[in-house]
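Q: Input: one structure, supplied below.
What follows is calculated from the coordinates using simple rules that are stated; it is not laboratory data. Computed from a prediction, not measured in an experiment: that's the story for all the values here. All Cβ positions, even for glycine, are placed from backbone atoms using ideal geometry, and neighbour counts span all protein chains on display.
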Amino acid sequence: MQEYFKTETATIPLASMENRRMVAKDTRKIIEQAFASGEPYANFEIFRNLFDVEKILDVRSEFVLKINIEKFGNPVAAGQLVRTYATEIHYFNFRGKSLTEKIARACEFESNSGNEDKIPIEIKEYFEKILDIFCQIMLDEGVEIASGYVMNLLINLADLAELQ
């Protein structure tokens, strides 16, 4: 049975835990496989589902409707730490809505230019931290997530499956 989040002005369908578990499991699997392959940065799209983590933890988020942000790690703090290392690969030259997307694009550029060895290990650690936060949010039954957002994440995963 479909559950809904109701406000005075809208009724928003919520994603099922089954779909959220699938998103968390498959996102983790794809990213871990990319790192295991030795060429994790060859395609920035691998990290697409992580691009909105900062926005998810914003209390004004339009797709995560009920979340206790104190339960999860702080992507802003992780982002502040990684900026120093990301500067080495000129992440600020790349377009993107979030720090995670800009860093992923910069890593792809370095990788495709044959400079993957110039990407600091701290960036991998940053992606792992953001992945952990993302999965914790998806798997937390106390968090209510709009079904439209989770469907978008599933579409991203399907697109990635076609690329592989």
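Q: Where the centroid of each part is defined by its Cα atoms, how far is segment 11-37 from segment 90-146 in Å?
A: Comparing the Cα centres of segment 11-37 and segment 90-146, I get a distance of 15 Å.
Q: Could you give the length gained by full extension between Lys29 and Lys124, i.e. 0.36 nm per residue of separation minus their alpha carbon distance, to one decimal place?
A: So the chain would gain 32.7 nm between Lys29 and Lys124.
Q: From Cα coordinates alone, what are the radius of gyration and Dmax values for the chain in angstrom?
A: Both quantities, over Cα of the chain: 16.2, 54 Å.
Q: Read phi for every residue in segment 42-48 and hand back ³J(HN,Hα) as whole Hz from Karplus 6.51 cos²θ - 1.76 cosθ + 1.60, θ = phi - 60°, with x for Gly and Pro.
A: The phi angles translate into 4, 9, 4, 4, 3, 9, 3 Hz.
Q: Mind checking which helices in the chain clear 18 Å along their axis (Cα) and have mean Kyte-Doolittle hydropathy of -1.0 or more, DSSP H runs only?
A: Span-like helices in the chain: 17-37, 99-112, 121-139, 147-163.
Q: At 222 nm, what helix-only mean residue ellipticity would the chain give, in deg cm²/dmol to the nearest 500, using -39500 (n - 2.57) for each DSSP H run of four or more?
A: My calculation for the chain gives -17500 deg cm²/dmol from helical runs alone.
Q: Taking R0 as 22 Å, what FRET efficiency do you get between Asn93 and Asp159 from their Cβ-Cβ distance, rounded to the nearest 0.05?
A: The value I calculate is 0.30.
Q: Under 5 Å between amide H atoms, partner at least 5 residues away or on a different chain: which partners does Leu65 have, H built in plane at 1.01 Å?
A: Glu144, Ile145, Ala146
Q: Continuing with this model, one more query. Would you mind checking which residues have amide H under 5 Å from Leu14's amide H? H placed 1.01 Å from N; only 5 or more apart, or other chain.
A: Glu3, Tyr4, Phe5, Ser147
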